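**Student:** One structure, pasted below without further comment.
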Amino acid sequence: MDKIALIIATKDRPAELKRLLSSLNAQTEFIEQVIIVDSSSFQKRKPFPRRKEKILRIDYFPFDIPSTSQQRNFGMTRVVPDISWVGFLDDDVVFDPKAIEEMKKVLRKLKDDDKIGGLGFNQINHPPLEFQRFKEFSLVEKTGFYHRQKGVVLPTGFQTLIGTVTQDVEVEWLPSTAVLWKKDILANHLFDDWFSGYGYLEDLDFSYALGKKYKLMVIAAAKYYHFPAPSGRGSPLVFGRREVLNRIYFVHKHQELSLFRCYLALLVRFKMSLFLGIKRRNFQFWLRALGNLWGFVESFPIALLRHEKKCEY
C-alpha cells in the first residue's frame, strides 16, 4: 500500500493554513503524515496538536529561515520511513474531498511503473492566461517563445502553464502548489537554495531536472483549488527583479536551454509589464518593469559564468 506524506511550508498565513488542514481532514482517504514547517514570526506560530485532528498525523516544526526551498528540504528530513510518496503543498490551496482518494487509485495502478517520478494534482480554478491571443499566434510558437502544449519547458527557459486538465496528461515540469513525488528519487535531490525567500521558479528547477529522468503527469480526477494569498511575492519592484534573476539562473543551470533566447523572452515580458501599466493605469506594473531592469543589470555575472563554462570545452 502506498503511503503519503505531505509537506507544507508556511509563513504568517494562519487562516490559510487552517483552511487547508480542514480540507485535508475532510478527505475520504487516509493521509499518513502531514509535515508543517512554519517560518512565521514567533508570535504567530501555533502548533497543531494531533489529538484535535480526525484522520491526520501532523508533525509541526518551527523553522527560523523563511525560504520555501529550505523549508521543504527540511521537511523531507522528517518524513517517516514507511512513506512511499512525498508531496508538497502551498498553504493557500484547498483540496477537493476526494483528491487523495483519486490520487491513491492512480498510485495503485502505477505501483509497478518505475518510469513514473511525479504526479501533480489538478487545479480546477486556474485563472485565464495574460495575453492568451498573442501566445496563440503561430509565429510566437515557431520562434520558441510559447507553445500550445501544456506543461512544456521552452528553449527560452520559460514554461507553459498547465492550467486545468480534463484528462491525465504527461508534462515536463510540475508546480509545487500541489504535487507528489516518489520518495526514492528524492534521496539525492533537493530544492536549490538559490531560490530563497518566496522562491519563484524553485518548483520549475526542481521538477524539470527530475523530468529529464522520469515521467511526470497531472491527474485530472485529483482536484484542488488555489486561492493565492495577497502576501508572499513582496513588492512589484522586488518581484520584477526576482523574475529576471531566477529565470537567468535556471537557464544557466540547464545547458540545453538558450541564454540568448531567455534574454529576448524576458525583454518581451518587460514590455508586457509596460503595456499593462499604460492600459490599466496601474503603477504596480511600472514598478515590476523597473524591477526587471534592475534584474537585467544584476544578471550579467550569471550570464558571464555560462559563457566561461562553455569556453572550457
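**Student:** At 7 Å along the Cα-to-beta-carbon direction for both Ser22 and Arg148, put a label point, then send me their distance in nm to one decimal.
**Tutor:** Those two pseudo-labels are separated by 4.2 nm.
**Student:** When only Cα pairs under 8 Å and 6 or more residues apart are kept, what is the percent relative contact order across the chain?
**Tutor:** Reported relative contact order: 19 percent.
**Student:** Where both residues lie in the chain, what percent of DSSP beta bridges are antiparallel, nearest 5?
**Tutor:** If we restrict to bridges inside the chain, about 40 percent are antiparallel.
**Student:** Please compute the per residue accessible area over the chain with all protein chains in place, 1.4 Å probe, rounded to a whole number of Å².
**Tutor:** With the other protein chains kept in place, the chain gives 50 Å² per residue.
**Student:** Where the only charges are on Cβ atoms (+1 Lys, Arg; -1 Asp, Glu), what is the dipole of the chain about its Cα centre, to the nearest 20 debye?
**Tutor:** 700 debye
**Student:** Still on this structure, I have one more. What ranking do 208-217, 73-82 get when scored by the average of other Cβ atoms within 10 Å per residue, highest first?
**Tutor:** Highest to lowest by the protection proxy: 208-217, 73-82.
**Student:** Can you give me the % of accessible surface on segment 204-260 that is carbon or sulfur? Probe 1.4 Å, all protein chains present, nothing else counted.
**Tutor:** Here it works out to 58 percent.
**Student:** Cut-off 10 angstrom, C-alpha nodes, Gaussian network model of the chain. Which of Val218, Val251, Val106 fluctuates the most?
**Tutor:** Looking only at Val218, Val251, Val106, the biggest GNM fluctuation is shown by Val106.
**Student:** What is the local net charge at Gly295, summed over the other residues whose Cβ is closer than 12 Å to its Cβ (Lys, Arg +1; Asp, Glu -1)?
**Tutor:** Once all neighbours under 12 Å are counted, the net charge is +3.
**Student:** Let me ask another. Mind listing the long-range amide H neighbours of Leu6? Cut-off is under 5 Å, sequence gap 5 or more, other chains count too, H placed in the peptide plane at 1.01 Å from N.
**Tutor:** Excluding prolines and chain starts, which carry no amide H, the hits are Gln33, Val34, Ile35, Gly87.
**Student:** Go through segment 269-278 residue by residue and turn each phi into a ³J(HN,Hα) via Karplus (6.51, -1.76, 1.60, θ = phi - 60°); whole Hz please, and just put x for glycine and proline.
**Tutor:** Once θ is set to phi - 60°, the couplings for segment 269-278 become 4, 4, 5, 4, 5, 4, 4, 5, x, 6 Hz.
The values are calculated or read from the model by the stated rules, or taken from the named source; none is laboratory data. All figures in this text were calculated on a predicted structure; none of them were measured in a lab. In this analysis, Cβ positions are derived from the backbone assuming ideal geometry, glycine residues included, and neighbour counts consider all displayed protein chains. All accessible areas refer to the heavy atoms of the entire protein, side chains included, with ligands and DNA or RNA removed. Shrake-Rupley method; radii C 1.70, N 1.55, O 1.52, S 1.80 Å.
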